[in-house]
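*Asks:* Here it is, the structure, as structure tokens.
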Amino acid sequence: MNSPEPGNVIPPANAPVTPPERDRLSASLLGGGCEPDPRFTLANERTFLAWIRTALAFLAGGIAVEAFTSDVFSPGLRRAVALSLLVLALLVSASACVRWLKVERAMRQRKPLPLPVLVPILSLGGGLVAAGLIVFLIYGAS
Amino acid sequence: MNRRTPAVPSTPLRHNDPGLQPERTLLAWRRTLLTLIGVCILFLRWIPPFGLMALLPVILSLMAGILIQIGLNVRYRKSARGMTQERIPPPLREVAVLGCTVMVLSLVGIVAVASG
């Protein structure tokens, strides 16, 4: 039998848009508009998760620097590097949540997606921490 | 009622997406939870300098991880069903729980390191 199974019927592309059914929390946070393609919702979810994993990597780096590098760095430098990484983790995780919400809203209102402000923050922060470490390796260790 | 596909509670894990997006999203959640557990274990290294207060972020991470893990099955069923119904509810609560957990963990780390 080649007939499609009941659960696997693919609706046509021009299917009528049914009115959104949202709970109160979703309605208040996401505003108006119509529901986007579910693939876009899932893609946005995965992008959020990727950013959160980036934040968790920064967090792990900050914890590890504080816990394991007492023989390598002076106390002041160790604290500065650990704090930089932890602040980056905080910024990236907060921005990931805000961006997820902004993208969800934009998709529902059929607007262009917002630019990721996380990218310059991440580049600048990561670059500064790396530059600090390079300076330490060249001048601090001697 | 203009339902294009019947509700299929007996087979909720089936969907029509050849890109396997529900599975990929579920795996992304699992990877993130594994990373969260790794970070939570790293916090244990803070017990010697900071005392038992270092257990606070560990307990917080574990609770959030368990909470999200429990919700993941429901989320996957919603995603799979949503692929056939062309609509998926946004994961507001899951995003809020995970985002707030990572932010609180970062804040705890910042306060602990800054206060020495």
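The values are calculated or read from the model by the stated rules, or taken from the named source; none is laboratory data. On a predicted model such as this, the values are computed, not experimentally measured, just so you know. All Cβ positions, glycine included, derive from the backbone under ideal geometry; neighbour counts span all protein chains shown.
*Asks:* Determine, yes or no, whether B:Met63 is within 10 Å of chain A (Cβ to nearest Cβ) and modelled with pLDDT of 85 or more.
*Replies:* no
*Asks:* Would you say A:Ala94 is at pLDDT 90 or above, assigned to a helix (DSSP H, G or I) and either out of contact with any Phe, Trp or Tyr (no Cβ under 9 Å at 6 or more places or on another chain) or not aromatic (Phe, Trp, Tyr) (or both)?
*Replies:* Yes; evaluated as a whole, the condition is true for this residue.
*Asks:* Can you tell me which residue within the stretch B:66-112, out of those that are small (Gly, Ala, Ser) and within 11 Å of another protein chain (Cβ to nearest Cβ), is farthest from the chain's Cα centre (by Cα)?
*Replies:* To start, the set of residues in the stretch B:66-112 that are small (Gly, Ala, Ser) comprises B:71, B:79-80, B:82, B:96, B:99, B:106, B:109, B:112.
If we keep only those that are within 11 Å of another protein chain (Cβ to nearest Cβ) too, we end up with B:79-80, B:82, B:96, B:99, B:106, B:109, B:112.
Working: B:Ser79: 14, B:Ala80: 17, B:Gly82: 19, B:Ala96: 9, B:Gly99: 9, B:Ser106: 17, B:Gly109: 21, B:Ala112: 25 Å.
In this case the residue turns out to be B:Ala112.
*Asks:* For the stretch A:22-36, does any single residue satisfy the condition of being hydroxyl-bearing (Ser, Thr, Tyr) and more than 12 Å from the chain's Cα centre (by Cα)? Full working, then the answer.
*Replies:* Going through the stretch A:22-36, the residues hydroxyl-bearing (Ser, Thr, Tyr) turn out to be A:26, A:28.
Add one more test, that the residue is more than 12 Å from the chain's Cα centre (by Cα), and what stays is A:26, A:28.
Yes, the stretch A:22-36 contains a residue that is hydroxyl-bearing (Ser, Thr, Tyr) and more than 12 Å from the chain's Cα centre (by Cα).
*Asks:* Can you pull out every residue in the stretch B:28-56 that is over 21 Å from the mean Cα position of the chain (by Cα), exposed (fewer than 14 other Cβ atoms within 10 Å of the Cβ) and more than 9 Å from chain A (Cβ to nearest Cβ)? Can you show your working first?
*Replies:* Filtering the stretch B:28-56 for residues over 21 Å from the mean Cα position of the chain (by Cα) gives B:44-54.
Still in the list and also exposed (fewer than 14 other Cβ atoms within 10 Å of the Cβ): B:48-49, B:51-53.
B:Gly51, B:Leu52, B:Met53 - these are the residues of the stretch B:28-56 that are over 21 Å from the mean Cα position of the chain (by Cα), exposed (fewer than 14 other Cβ atoms within 10 Å of the Cβ) and more than 9 Å from chain A (Cβ to nearest Cβ).
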